[in-house]
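In what follows, a structure is listed as structure tokens, so that the remarks can point back to it.
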Amino acid sequence: MAQHNELGFKGEAIAKQYLEKLGYEILDENWVHGKSEIDLIAYFKKQIIFVEVKTRSSVSFGLPEDFVSLAKQKQMDLAANEYIELMSHQGEIRFDIVSVLFDKQNNYTIKHIEDAFWPS
């Protein structure tokens, strides 16, 4: 497996554990609809939260959260709409980003951006 894939999986596991410690219930991981994938789908305070996890080992090219493009946001919105329909969810939703940044000593910092975007 490519090193960047391993880093991504590691970041997703860290993000999942982080959210669970905050009281989020993880409903799905790596949920796919068509060409879209949502890393984590959680439930918290009667909201379904669609989470994009971005993991990096350097900020040389920008912060991890900077890599959630408009195209990615639109793809997440399409997948989220399908998920909401399948689950017959009538409540609120939101889109979050969890960024995981590793340093050279393999320590990491987590940044949780709630309501990070709202696809149009």
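The relative contact order of the range 5-104 comes to 31 percent, based on Cα pairs under 8 Å that sit 6 or more residues apart. Among SER58, SER88, SER99, the largest mean-square fluctuation in a Gaussian network model of the chain, built with springs joining Cα atoms closer than 10 Å, belongs to SER88. Taking the fewest neighbouring Cβ atoms within 10 Å as the starting point, the ordered list for VAL51, VAL32 is VAL32, VAL51. Think of each Lys and Arg Cβ as +1 and each Asp and Glu Cβ as -1; about the Cα centre, that makes the dipole of the chain roughly 300 debye. Restricting the range 31-65 to chymotrypsin sites (Phe, Trp or Tyr not before Pro) that sit in a DSSP loop and have at most 14 other Cβ atoms within 10 Å of their own Cβ leaves PHE61. May I ask for the angle, rounded to the nearest 10°, between helix 70-87 and the longest principal axis of the chain, with both axes built from Cα atoms and the value confined to 0 to 90°? For 70-87 against the chain, the angle is about 40 degrees. Ordering GLU85, GLU65, GLU37 from the fewest to the most neighbouring beta carbons within 10 Å gives GLU85, GLU37, GLU65.
Taking 17 Å as the cut-off, the amide N atoms of the range 61-91 that come nearer than this to a point 7 Å along the Cα-to-beta-carbon line of LYS46 belong to 88-91. Exposed loop sites here are trypsin sites (Lys or Arg not before Pro) assigned a DSSP state other than H, G, I, E or B and surrounded by at most 14 other beta carbons within 10 Å; excluding them, the longest clear run of the chain is 47-103.
Since every read-out is calculated from the coordinates, none of them should be taken as a lab result. Computed from a predicted structure; not experimentally measured. Neighbour counts run over all protein chains shown; Cβ positions are idealised from the backbone, glycine included.
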